[in-house]
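Structure first, then comments.
The values are calculated or read from the model by the stated rules, or taken from the named source; none is laboratory data. Model, not experiment: these values are computed from the prediction. Glycine also receives a Cβ, built like all others from the backbone with ideal geometry; neighbour counts cover every protein chain displayed. Each accessible area value is taken on the protein alone, full model and side chains, heavy atoms only, with ligands, DNA and RNA left out. Shrake-Rupley method; radii C 1.70, N 1.55, O 1.52, S 1.80 Å.
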Amino acid sequence: MHVVMIGGSDAGTSAALRTRELHPAADVTVVLDDAYPNFSICGIPYYLSGEVADWRNLAHRTLTDLEAAGMRLRLDTTARRIDVPGRKLLVTTPDGGEELLGYDKLVIGTGAVPIRPPIAGLAGPGALGSDDGVHLLHSMSSTFAVMRTLEQAAPASAVIVGGGYIGLEMADALTVRGLVVTQMEQLPEVLPTVDPELGALVHAELAGHGADVLTGTTVRAISKAPPGGSGRLEVHAAATDGSTVTRTADMVLVVVGVRPETTLAADAGCALGVSGAIAVDRGMRTGLPDVFAAGDCVITHHRLLSVTYLPLGTTAHKQGRVAGENVLGRNREFAGSLGTQVVKIFDQAAARTGLRDHEARAAGFDPVSVEAQADDHKAYYPGSHRITMRVTGDRTTGRLLGLQLFGHKDAEIAKRIDIAATAIFHGMTVDAVSDLDLSYTPPLGSPWDAVQAGAQAWVRAAQQH
Ligand SMILES: Cc1cc2nc3c(=O)[nH]c(=O)nc-3n(C[C@H](O)[C@H](O)[C@H](O)COP(=O)(O)OP(=O)(O)OC[C@H]3O[C@@H](n4cnc5c(N)ncnc54)[C@H](O)[C@@H]3O)c2cc1C
């Protein structure tokens, strides 16, 4: 049996590894259009900051490790067309030639591409690009382009367009590198995946580290600055009150989200769903015979919503694993996402899992949301930090629907959000979170963990509603 994976990132590699693990005799080929299989693109900001010294260290596994797992890797090879009835894949080889690869099962893991917003100067004739210090960021090659700008042009300042988690990580990274950063976000607050109250805390952390954070600011144009000024680029934006905002900088990073890369799949006849992503069932089947898909290119089955589009590395790994199993005729199902995510911004971290109040209401729940605070460990032991929480539960059933956290990066924010993710995954009530037998020693926790303190605050508030 010959299984072909298109895309050598989280989804494609996870699928290939799982197939080989379950069926060591399977003939597995991974086709990828660059030379960086299984790279942790989530680690890009930390390479660009200089905290990870060598880009090679971003590889989850080396080429040698992957080959030792028994897969064949076709680097710098682009999949062009899928012949579904003939079970063949047309590829362009590194020398520019064409080749037909036969397959018995195919896994599409083409991922996502960065959104290029309608900003004058970003597209069309004379568009500014990486040689001018204007960058989009997603792949290793775009990372190398940013690094070239950083090393060769030695920029003193940067404008980051976008205040989502990648934009924030890059604000942190470029500040660590010594650049003066301006962050422009069109929405009223940064990190719009959490409630504005927590976004405001993130905003303060950015400002506290010298970033100029302009929210409610929509970038309209990027152009070359006149010579002799303080930067080589000009960024023109509109504020919510209609006024014009202009900033100069030596480089501009545009990170405003991604869209699924589905051209190949759509041309082959795959149905598309939410956000234009490939429609798959929980077994990662596309509906076309012997064609599976996983990762950022597919819709996301969600445990509290039906389907949505939530492109995340954790999800891509799980979906890839399911696809890698099901190509062998098994019947594994992706259990569903909760959109659990965490981001470090300088010395703080913000995290969320499940639904926020308005999302829960839109999904037909009867949400109550409560803000609470608790210490990460007993305050009498040095170094304790306050954690701010927003707990969302269903008034009618008492079910925990969502949790958002903000606190110091040493306050175990990531693992604490995972407590809530586990509770929501298993349909627990908010009240039952207090029954969980969690660990305690004063330097590391409290008899009631911070998440349990938040749950108890929610129960008290819900009783008053
Ligand atoms: C800077 C950054 C930070 C991130 N941080 C986090 C994080 O902290 N946590 C988290 O959960 N997620 C994070 N993510 C998101 C995460 O990286 C993605 O969700 C994940 O990489 C998706 O994996 P994928 O395999 O589906 O797609 P991708 O990683 O997009 O890979 C798809 C691959 O397929 C290749 N390809 C596409 N078309 C073809 C073709 N026709 N032929 C051959 N090859 C093709 C592409 O070149 C690409 O290498 C981050 C992303 C970025 C960019």
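Neighbours of Pro45, meaning other residues whose beta-carbon lies under 12 angstrom from its beta-carbon, give a summed charge of -1 when Lys and Arg score +1 and Asp and Glu score -1. Rounded, prolate or oblate: pick one for the chain, where a ≥ b ≥ c are the square roots of the eigenvalues of its C-alpha gyration tensor, a/c under 1.5 means rounded, and failing that, prolate if a/b is larger than b/c, else oblate. Verdict is oblate for the chain. Within the straight-line cut-off of under 16 Å between alpha carbons, the aspartates and glutamates reachable from Lys224 are Asp131, Asp132, Glu234, Asp250, sequence neighbours fewer than 8 places apart in one chain being disregarded. Normalising the average separation of contacting C-alpha pairs (under 8 angstrom, six or more residues apart) by the number of residues puts the relative contact order of region 195-277 at 17 percent.
Charging the Cβ of each Asp and Glu at -1 and of each Lys and Arg at +1, and nothing else, the dipole of region 375-430 about its Cα centre rounds to 140 debye.
Note on Lys344: lysines with a C-alpha under 30 Å away, same-chain residues under 8 apart excluded, are Lys318, Lys378, Lys409, Lys415. For region 1-97, the antiparallel share of DSSP beta bridges with both residues in that region comes to about 40%. By the gyration tensor of its Cα atoms, with a ≥ b ≥ c the square roots of the eigenvalues, what is the shape of region 25-156: rounded for a/c under 1.5, prolate for a/b over b/c, or oblate? Note, shape of region 25-156 comes out oblate.
Rounded to the nearest Hz, the phi-derived 3J(HN,Hα) couplings of region 420-432 under the Karplus curve 6.51 cos²θ - 1.76 cosθ + 1.60 (θ = phi - 60°) are 5, 4, 5, 5, 5, 3, 9, x, 6, 7, 4, 4, 5, where x marks glycine and proline.
Starting from region 322-408, pick out the trypsin sites (Lys or Arg not before Pro) whose DSSP state is loop and whose Cβ has at most 15 other Cβ atoms within 10 Å.
Those satisfying the criteria are Arg330, Lys378, Arg395.
For region 301-361, GluC sites (Glu not before Pro) meeting the loop criterion (DSSP other than H, G, I, E, B) and having at most 14 other Cβ atoms within 10 Å: Glu333. Accessible surface ranking for Glu21, Glu371, 1.4 angstrom probe, highest first: Glu21, Glu371.
Annotation: the antiparallel percentage among DSSP beta bridges lying fully within the chain is about 65. Beta-bridge orientation, region 67-207: approximately 65 percent antiparallel, per DSSP, counting only bridges with both partners inside. With protein chains left intact and a 1.4 Å probe, residues in the chain average 42 Å² of accessible area per residue.
Of the solvent-accessible surface of the chain, computed with a 1.4 Å probe and all protein chains present, 51% belongs to carbon and sulfur.
Let me know the shape class of region 275-425, please: from the alpha-carbon gyration tensor, a ≥ b ≥ c as square roots of the eigenvalues, rounded when a/c is under 1.5, otherwise prolate if a/b is greater than b/c, or oblate. Prolate, since a/c reaches 1.5 and a/b exceeds b/c.
Expressed as a rounded percentage, what relative contact order does the chain have, with Cα pairs under 8 Å and six or more residues apart? Before the final figure, lay out each step's value.
On the way: 1076 pairs, mean separation 60.8, N = 465.
Contact order relative to length: 13 percent.
In the chain, helical runs assigned H by DSSP with n ≥ 4 each contribute -39500 (n - 2.57); averaged across all residues and rounded to the nearest 500, the mean residue ellipticity at 222 nm is -7000 deg cm²/dmol.
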